[in-house]
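Okay, structure first, notes after.
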């Protein structure tokens, strides 16, 4: 007699299998909205938290313990690999800041193509630790910033509203931009490869700010590099999730990255997205601020998204962007409960 | 013999007529990127500028003199009618701020439904003055904030990144939100009606932040009020332009507002937009920050948008969002020159 062990729910859903209920996790689920997370953060800096496997493991597991999400996601930051390349970053109240933005050929050339096992050993260690603690049916997701999105932080020196420095480089010195994007693709590949080799069962590529670009510029400066990352990773067999915040205008293009699953923001109807791109699986797409509603409003909003998939396999419930610090815990409970109650096998 | 006077180019294009070349104007064309505008602004506050017909007329005409755009747009601000309703606003360096956000039933009830001719006589006066100065072939556009977009400023007390206060009200007190939206629709209708009666030949409704909403919420809280505005205005015969920044996910819905023309942002391919909504005219949609490029990059970006319309009538060239203060004058010159050189009648 062979022992039949079923693959975890979310991995089956990511691959488009028909599953008994819709899996759910939340972007930034290990974060400031959780009192137990804030308690850990009071005793260390954000960077210390990322770099200390025991602490990273602890906060990764916190939301699993509380909500029993269908996946854990490694606690880290998309900018960690940039630090490893020699671009020091500070995480303050106003968001991340690079001491010196990267805007010249000399600055690009000065970046290191480092072996992630040497420069970020704590990432592999955290993953190994988390895998030991995590129940077998809850997979661990890894993640990285997509090359273009990493590029925006490096070139702007932090977050940006209008990406003026980014666009100045794209439209005045495209060769320099492509040179930096190549380096960032290599870094993202190295980081994700290490995460998969260390035990992550699926990975998400955050191309959060790619939607700052017009479709033609997306095709030139973002898409080819995201595609290169996925091309290099597909041989590992882990499902590949691609996220952009504001994907409505570039959905069909984003579908050509080689992603297994598109993670979409809330400004696009999920049923419409599925009709426009029929061959992929989808993750999303509740407005994070729907969590500010009453219980009946939160449940109704969740149900509308579940209904938008009626009859279609391949949906992972998530927010359309990361959860925000002021999100009420009770609203997350209502949300998770509503998704769990919704039976997809009865449809 | 009857004298045949042809309607201005942009009015013909807005109605979908085949025209000899693509008309062009720029959102916020009377603004801080112009040295002559900054010279006027040094001597008065922003509100004084809006409220003094001679000054509003002067800055409205500045970009026409310099670039000979195909339309002038009244210099004013979408928040002026809110001030007229009894919600004082200050325009500082950090953007507009309402002294007191409107978040309760009592605060909504305290707003005045004022006659715009009494509370904003300077608007009608500015229009009359501008019309005297403007050549007959250059129409004057009027504008207003759409009800939902005005709502975001009133409820947040200014601009916002995440619209948390807005969404709290929508999802906790929808009846209160609808009550306020009704009042704002009335205000927008009154203001636009006065503008058309005073001489504006087309109007643009700015629903800039409607795209912060999920499509279902857009359908509930933004669309019906934009539609009400256009329903009330259509009898005046002036073309009606509807703008949203980030329209990609709600294009088909926005097309049902009753707008003559959709003004779209740059994160959506114009050819794709025209294919998705074949029966309207379109305005847009250059990335404003494309103006940071080299001359050949600016010209190529403009040409791509013109090419996206190849053979289709009903396109007004514009940016996908307002021009920004650091935009180089030379780049605007390249842009306007490129659009003027492009012959649509040879296609």
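A few notes on this one:
- Single condition residue A:222 does not satisfy, out of (1) crowded, with 21+ Cβ neighbours inside 10 Å; (2) under 19 Å from residue A:321 (Cβ atoms); (3) without any contact (Cβ under 8 Å) to a residue 60 or more places away in the chain: (3)
- Of the residues contained in the stretch A:213-225, none is found to be at pLDDT 95 or above and closer than 15 Å to residue A:141 by Cβ.
- The residue of the stretch B:292-321 that is surrounded by the fewest Cβ atoms within 10 Å (Cβ to Cβ), among those that are within 11 Å of chain A (Cβ to nearest Cβ) and assigned to a loop (DSSP other than H, G, I, E, B), is B:294.
- Flag if residue A:195 is surrounded by 24 or more Cβ atoms within 10 Å (Cβ to Cβ), away from every other protein chain (no Cβ under 14 Å), under 23 Å from residue A:255 (Cα atoms) and within 21 Å of the chain's Cα centre (by Cα): no
- Matching entry among B:122, B:143, B:148 (being at pLDDT 95 or above and more than 30 Å from residue B:7 (Cβ to Cβ)): B:148
- Any chance residue A:271 is surrounded by fewer than 24 Cβ atoms within 10 Å (Cβ to Cβ), facing chain B (nearest Cβ under 10 Å) and either without any contact (Cβ under 8 Å) to a residue 12 or more places away in the chain or assigned to a helix (DSSP H, G or I) (or both): yes
- When residues of the stretch A:247-258 are limited to those that are surrounded by fewer than 23 Cβ atoms within 10 Å (Cβ to Cβ) and touching a helix residue (DSSP H, G or I) at 6+ places or on another chain (Cβ under 8 Å), the one nearest to residue A:198 (Cα to Cα): A:258
- Candidates A:286, A:280, A:268: the one that is over 23 Å from residue B:244 (Cα atoms) and touching a strand residue (DSSP E or B) at 6+ places or on another chain (Cβ under 9 Å) is A:280.
- Scanning the stretch A:55-84 for residues that are over 14 Å from residue A:155 (Cα atoms) and assigned to a loop (DSSP other than H, G, I, E, B) turns up A:68, A:69, A:70, A:71, A:74, A:75, A:76, A:77, A:78.
- Verdict on residue B:48 being at pLDDT below 95 and either surrounded by fewer than 17 Cβ atoms within 10 Å (Cβ to Cβ) or farther than 21 Å from residue B:305 by Cβ (or both): no
- Set side by side, the residues B:81, B:23, B:8, B:53 differ, and just one is buried (at least 17 other Cβ atoms within 10 Å of the Cβ), more than 15 Å from residue B:336 (Cβ to Cβ) and under 17 Å from the mean Cα position of the chain (by Cα), which is B:81.
- The requirement of being farther than 19 Å from residue B:107 by Cα, within 14 Å of another protein chain (Cβ to nearest Cβ), surrounded by 23 or more Cβ atoms within 10 Å (Cβ to Cβ) and touching a helix residue (DSSP H, G or I) at 6+ places or on another chain (Cβ under 7 Å) is fulfilled nowhere in the stretch B:148-158; no residue meets it.
- Scanning the stretch B:229-254 for residues that are free of Cβ contacts under 8 Å to residues at least 60 places away in the same chain, part of a helix (DSSP H, G or I) and more than 14 Å from chain A (Cβ to nearest Cβ) yields B:230, B:231, B:232, B:233, B:234, B:235, B:236.
- Residue B:184 vs. criteria in contact (Cβ under 8 Å) with a residue 12 or more places away in the chain, more than 18 Å from residue A:293 (Cα to Cα) and either at the interface with chain A (Cβ under 9 Å from one of its Cβ atoms) or crowded, with 24+ Cβ neighbours inside 10 Å (or both): yes
- In the stretch A:38-63, the residues that are over 18 Å from residue A:117 (Cα atoms) reach residues that are modelled with pLDDT under 95 with C-beta atoms within less than 7 angstrom, at least six apart or across chains, in these pairs: A:46/A:91.
- Residue list for the stretch B:131-156, restricted to those being in contact with a strand residue (DSSP E or B) (Cβ under 9 Å, 6 or more places away or on another chain) and without any contact (Cβ under 8 Å) to a residue 12 or more places away in the chain: none
- Within the stretch B:334-342, not a single residue is in contact with a helix residue (DSSP H, G or I) (Cβ under 7 Å, 6 or more places away or on another chain), within 11 Å of chain A (Cβ to nearest Cβ), within 21 Å of residue A:166 (Cβ to Cβ) and not in a loop (DSSP other than H, G, I, E, B).
- Scanning the stretch B:274-291 for residues that are more than 9 Å from chain A (Cβ to nearest Cβ) and in a helix (DSSP H, G or I) turns up B:274, B:275, B:276.
- Residue within the stretch B:95-115 that is within 14 Å of chain A (Cβ to nearest Cβ), closer than 30 Å to residue B:65 by Cβ and either free of Cβ contacts under 8 Å to residues at least 24 places away in the same chain or not in a helix (DSSP H, G or I) (or both) present: yes
The values are calculated or read from the model by the stated rules, or taken from the named source; none is laboratory data. What you are looking at is a predicted structure, and each value in this text was computed from that prediction instead of being measured. Here the Cβ is made from the backbone with ideal geometry for all residues, glycine too, and neighbour counts use every protein chain on show.
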